[in-house]
Every structure is written in structure tokens, then in C-alpha cells.
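Each remark here refers to the structure printed beneath this line.
The values are calculated or read from the model by the stated rules, or taken from the named source; none is laboratory data. All values derive from a computational prediction rather than experimental measurement. Virtual Cβ from ideal backbone geometry, glycine too; neighbours counted across all protein chains shown.
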Amino acid sequence: MSSASRTLAAARIRRVATELASVRDELVFIGGSVLPLLVDIERRFDAPRETNDVDAVSAAASYTRSARIEQHIRDAGYRHDTAARHRGRWISPSGEIFDLSFAGDFSGASGSAVDLMAIETAQAMDDAPEIRHLSPVGLLLMKSAAFEDRGRKQPSDSRDLADIAVLLVGCDIVADAAASQAEVRAEVRLRAERLLAVPGLRSGLLRHFADRRPIPPDDPDSLCAEAEAMLERLIQLAT
């Protein structure tokens, strides 16, 4: 991921976090826009995947609290895009697309244990400790869950798998997993096992790495082998 992509991603997240300062402490930034903040592979790829939105999740404890957060977002000048497929899509005053979801058990929340784990393992942004975003482990868990829901049948077309692939070869995710709580490591093991069992995983990884235009001596085959080896290490680490 180029340094320009990292700078752009950080600037977009900072802008949204500043505009939503009244609820910033209750947000964790997620999704593909976080990936450039976690990986350091500008010497490995020529073509990063850009995202056109900023995503966040909140661990609001109730529907009432989630409604209050949404009111704060409106007060910041954001417009709720009720025509969008994503029910939590907002448009900022500057035109930034902001997708917000809620973790929890109330109506409208995900009810997902993975979402809660991702929030619990979030980390502070470099040079902006008041902003939290997913850690490598958190992004792996959320992207793996999304891949299960919408990408498993066509791995080669899955943007979630594309992000997972870059994450696996772009940072020391094993060290991040090793520092996590036992229940998080167990979930990492499960997700890694399920990824390795996906029919067509290798062909999907090869396509996604090819799309990123690896810089020699890296090539899609070697990067694919590296990603698969990383999944194996995650399985062993989490036992």
C-alpha cells in the first residue's frame, strides 16, 4: 500500500472523527479504509485498492443510545441516506460517505460476537490517540465474517478476501493475535481454518494479488504461499 494511500486514508478518517467529535469516543473505524493504516507494503504492490467510504461501528448498549448517537450525527450536519442499501449510511457536509453500524443485541444491531471482539481489540491511530480503529486481528475477524456472508461462493470477486490477502502479507498479524485474549485467539483459529477450507481459495488469492500488481521479486504465487502459511501459523498459535 503506497504511503499516499496511507496518508489519504488517515486524512479521511480524521476528518470524519473531527466532525463527529461529540460521539468519537463511541466509534471504532473499520472496513477497507483502515487497511492502509495497518499494513506496510509500499515496496510490494503498485496498485492499492481504494475505498470510497469511511466505516465505523459503535458498541451502543441499547437502541436508545444508538438513537442518541444518530442524533449527534445529524447535529454535525450529516444527512441520513435512506435510499442506500446500507441502512446506516450517512453523507457528510463535504460529501464523504460514512457507514455506521451498531454491535449489540437490540433491534437494528448486529448481535455479532465478532463485532464486539473487534471493538475490544481496537487500537489508537498513530498521532491521533483519541481516534480508534481496528487492529490487524479485528480487521481479520470482521473481514472473515463478511466473507462468510457474501463472498465464499465467489472468492475471486470478493473485496473482503482481497483485503484479507493484503493484511496477511502486510503486517505481523501473528504477533497481534498472540497478544490477544484466549477467546479472541480461538476465534482467529476458527476463521483461519474456515478460510483455508474454502474451495477456490488459492485461485481467489492469486487473482487478488495479481490485481495489486506485485513488485518483483514478489509475484502472485509467492504471495499466495505466504498468505496460506500465515493462516497456518494463526491456527497453530491459537491452540
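So D163 fits all but one of (1) without any contact (Cβ under 8 Å) to a residue 40 or more places away in the chain; (2) not in a strand (DSSP E or B); what number is the exception?
Answer for D163: the failing condition is (1).
Determine, yes or no, whether S22 is closer than 20 Å to D105 by Cα and either surrounded by 13 or more Cβ atoms within 10 Å (Cβ to Cβ) or touching a residue at least 24 places away in the same chain (Cβ under 8 Å) (or both).
No, not satisfied.
Of all the residues that make up region 49-62, how many are out of contact with any Phe, Trp or Tyr (no Cβ under 6 Å at 6 or more places or on another chain) and either crowded, with 22+ Cβ neighbours inside 10 Å or of a type in the set (D, E, K, R) (or both)?
Of the residues in region 49-62, 5 are out of contact with any Phe, Trp or Tyr (no Cβ under 6 Å at 6 or more places or on another chain) and either crowded, with 22+ Cβ neighbours inside 10 Å or of a type in the set (D, E, K, R) (or both).
Does any residue of region 4-17 turn out to be part of a loop (DSSP other than H, G, I, E, B) and at pLDDT 95 or above?
no
Within region 113-171, count every residue that is touching a Gly at 6+ places or on another chain (Cβ under 6 Å) and either of a type in the set (D, E, K, R) or not assigned by TED's automatic domain parsing to the domain that holds S58 (or both).
Number satisfying all stated conditions: 6.
Scan region 91-140 for residues that are part of a strand (DSSP E or B) and either of a type in the set (S, T, N, Q) or in contact (Cβ under 8 Å) with a residue 12 or more places away in the chain (or both) and report the count.
Result for region 91-140: 14.
Residues of region 46-59 being at pLDDT 85 or above, assigned to a loop (DSSP other than H, G, I, E, B) and touching a helix residue (DSSP H, G or I) at 6+ places or on another chain (Cβ under 8 Å), which ones?
A59
Within region 98-118, restricting attention to residues that are surrounded by fewer than 18 Cβ atoms within 10 Å (Cβ to Cβ) and of a type outside the set (D, E), which residue is nearest to A10 (Cα to Cα)?
L116
Give region 229-239 a look and list any residue that's over 19 Å from the mean Cα position of the chain (by Cα) and either part of a helix (DSSP H, G or I) or at pLDDT 95 or above (or both), or say none.
A229, E232, R233, I235, Q236, L237
With the structure loaded, tell me whether P220 is more than 29 Å from R14 (Cβ to Cβ), surrounded by 15 or more Cβ atoms within 10 Å (Cβ to Cβ) and touching a residue at least 24 places away in the same chain (Cβ under 8 Å) or whether it fails that test.
In short, no.
Of the residues S107, S92, S112, only one is among the small types (G, A, S) and at pLDDT 95 or above; which?
Testing whether each residue is among the small types (G, A, S) and at pLDDT 95 or above leaves just S92.
When you check I69 against the structure, is it assigned to a helix (DSSP H, G or I), out of contact with any Pro (no Cβ under 8 Å at 6 or more places or on another chain), at pLDDT 95 or above and surrounded by fewer than 21 Cβ atoms within 10 Å (Cβ to Cβ), yes or no?
yes
Results for (1) under 21 Å from P220 (Cβ atoms); (2) touching a strand residue (DSSP E or B) at 6+ places or on another chain (Cβ under 9 Å), shown as yes or no for each residue.
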residue	(1), (2)
L8	no, no
I13	no, yes
L27	no, yes
V34	no, yes
P48	yes, no
